[in-house]
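Read through the structure below, which is laid out as structure tokens, and then see the notes.
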Amino acid sequence: MQPMTDAMSSWAQAGAVLTVQRWVVVIGGLLLASLAVLVLCLQFGATSVGMGTVATAIMRLLRGDEAGSPGLATSEIIMVQIRFPRVLMGFLVGASLAAVGVTLQALLRNPLADPYVLGVSSGAALGVSVAILFGIGSTFMLLPVLPLFGFAGGLLALVVIYRLAQSNGRLPVHSLLLAGVILNAILTAFIMFITSIMEPNRSAGLMAWLMGSLTAPGYPALGVFLMYVVLVLGVLMHKAQSLNVLTLGEETARSLGVETEGVKKQLFVLTALLTGAIVSVSGMIGFVGMVVPHAVRLLIGSDHRLLLPASALVGGMFLSLADTIARTMMSPAEIPVGIVTALAGGPFFLYLLLWRKDRML
Amino acid sequence: MTTGQIDVTHSGLSAESPAIEVLGLSFQYRTSEGRGRMWTLDHLSFHVDTGEILGIVGPNGSGKTSLLKVLSGLLPAGEGDVRLGGLSLRKRSQTDIARVVAVVPQEYAQVFPFTVAETVLMGRFPHRTTRWWSLGIGDETAKDLSCAHQAMVDTDVLSLADRLVSDLSGGERQRVMIARALAQEPKILLLDEPTAFLDINHQIEICSLIARLRTERRLTVVLVSHDLNVASQYCDRVLMLKDGGLCRIGSPEETIRPDVLRMVYGCEVVVDAHPQTGRPRVTMPMNAVVQ
């Protein structure tokens, strides 16, 4: 074996492979950018507030002051009770959507895949719709129950797709995508059926949620969601190397010692879990899971050890900004953030489909 | 180059157990019952010596690729056994196999922008040492980097290290895949149609690369090829499959013969001697009439 030479360190350092230094620089930079975006988004809303109010509100929150305790100005109450949790939730949802997108794209070796293409989101949405139809979880502790219904629905959709597409003990990519398209149509029909038998005012709420909208959650709900995100992202990070090798193709991955079937099942459960949580709090927000990983990949490459956390941070920023637009554009009325992401992401998707065919599967 | 030239002197092991032993191997794809009870691979027995290049040829659907997949553990042996260095595949995990056997697939289409260096480093996956707290970042050891470096030097892709695999030509991509396989530090290299989609200069390039690697790294090579002339010119021995059964195995002179080819492929061909190597050379007859 040759010793380390100058020539060798040149390709290892020159951006050809991921180094610890590059990881720290990119992730550190994105964390700072995320912080800046969050502070920016906190200032805008039906009532715009200055940086000073944002700062004092954050300070009070960190000190543990109860919202509503004496001495709080109205703008500070808005900040602490409504805008702060909402912006944070938007960031977490965006981050999760991007992470789920990255994972599914690697699994399917298709840069156009996201939870919507596969029908995972529809499955989760059906699960949540069923829960809402039967009045389950319409209590104060909304969050811990609905994500589980979403998870069950999303996982069920995945299992059905898996069974449909599986042939000869393997999972060919094309039949998987096709199964996703068909399943999506069927699940959407079920959701439409549920909305049609609901009382009009409840079904209107359901429809608004389905379009993808964020609301200000209570802090316990935010905490539960944060727990989901941290847990799933952590496990996904540990699978990052396997995701890299999986993009070589399933058989090559297996010949390199990846237990592909087992890894895929684990990843499907993880993505269903996170998708269930996302859908239960924000409905069907499209295109974040597809657009963000794609753009990030073009800028920093495909190594999932960096791509996964970087996409999560960019996804968080993207949705925070999109939600700020949704909150302020028609102020004081709000439009569903799903409309903003679809208007931004849809044309991008078409561009990829029409002019970048060579890069697609 | 002759068969015996490589062995014995360096490797005490090869005298005891060959690199690959196939003992009464049968394999069948699981299909719905009733139809298709035929064996994809039917009671094959042969061995491959250390440092040997074995070519597997045969008509379409004769089981060439299936055989390669069984040898690499991607498909389970139905009956019989495959032993690598004396140890049965059944007793090895896939990671264990990956440290001994590297597979170069027929085609490699990468849809994501990975660099050549990143791709070659993936060959180190079976040797990885992951520390749980590091999240996999910076896990590459000096040995991983030097193995990848040497693999890129040997396949002449070092200058492409920071290029994207998706931007390369077919021949370059094939060399990258061989580099990725070499980074595994395998003892056995399996190649599925390594020249199938390449034009003649890249065919020559890949074939001489394989011949050179065998000598330099003392690799045992098994390659599947459609091209009888590739098998004849570059392989020490040729294994001929027909309907999943072993039809003939031996030197190119023993296997690439008009009577054998008529039996296996059911057609007449012209076999003469290659002007430079004297090995059998197959060409189509002037008036290609199927018997």
Nearest 0.05, what FRET efficiency do B:Thr283 and B:Ala211 give at R0 = 22 Å with Cβ-Cβ as r? 0.45
Any chance you could look up the accessible area of B:Glu185 with a 1.4 Å probe, heavy atoms only, rounded to 10 Å²? 60 Å²
At a temperature of 4 °C and a viscosity of 1.567 mPa s, determine how fast segment B:102-148 diffuses translationally according to Stokes-Einstein, using the Kirkwood radius over alpha-carbon pairs as Rh; express D in µm²/s, rounded to the nearest whole number. 106 µm²/s
Whether chain A is rounded, prolate or oblate, judged on the alpha carbon gyration tensor where a/c under 1.5 counts as rounded: oblate
Two decimals, Cα atoms only, Kirkwood Rh: what is Rg/Rh over segment A:273-361? 1.01
Could you tell me which of B:Val101, B:Val157, B:Leu74 has its Cα farthest along the dipole of chain B towards the positive end, charges placed at Cβ (Lys, Arg +1; Asp, Glu -1), taken about the Cα centre? B:Leu74
Mind giving me the FRET efficiency for A:Val230 and B:Arg163? R0 is 35 Å, r the Cβ-Cβ distance, nearest 0.05 is fine. 0.45
Of the residues B:Ala196, B:Ala181, B:Ser169, the Cα lying farthest along the dipole of segment B:131-197 towards its positive end, which is defined by charges on the beta carbon of Lys, Arg, Asp and Glu, belongs to B:Ala181
Once you have the Cα-Cα distance between A:Val130 and A:Ala55, take 0.36 nm times their residue separation minus that, and quote the gain in nm to one decimal. 22.9 nm
Go through A:Lys264, B:Lys143 and list them by solvent-accessible area, largest first, probe radius 1.4 Å. B:Lys143, A:Lys264
Output row B,A: buried area (accessible, probe 1.4 Å, summed both chains) in Å², nearest hundred, equals 4100 Å²
Which whole-angstrom value gives the distance between the alpha carbon centres of segment A:201-217 and segment B:203-263? 66 Å
Estimated [θ] at 222 nm from DSSP helical runs (n ≥ 4, -39500 (n - 2.57)) normalised by residues in the protein assembly as shown, nearest 500: -17000 deg cm²/dmol
Listed peptides B:154-166, B:263-275, A:111-123 by packing density, highest first (mean Cβ within 10 Å): A:111-123, B:154-166, B:263-275
Please report the equivalent ellipsoid semi-axes of segment B:179-219, computed as sqrt(5 x eigenvalue) of the Cα gyration tensor, largest first, in whole Å. 19, 12, 8
Per-residue average of other protein chain Cβ atoms inside 10 Å, peptide A:17-30 -> 3
Counting only protein heavy atoms and rolling a 1.4 Å probe, one gets per residue an accessible area for chain A in Å² of 42 Å²
Between rounded, prolate and oblate, where does segment B:228-291 land on the alpha carbon gyration tensor, with a ≥ b ≥ c its root eigenvalues, rounded for a/c under 1.5, else prolate if a/b exceeds b/c? oblate
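The values are calculated or read from the model by the stated rules, or taken from the named source; none is laboratory data. Everything numeric in this text was worked out from a predicted model, so none of it was measured. Don't worry about glycine lacking a Cβ; one is built from the backbone with ideal geometry, like all the others, and counts go over all protein chains shown. Note: accessible area is taken over every heavy atom of the protein model, side chains too, but ligands, DNA and RNA are not part of it. Shrake-Rupley method; radii C 1.70, N 1.55, O 1.52, S 1.80 Å.
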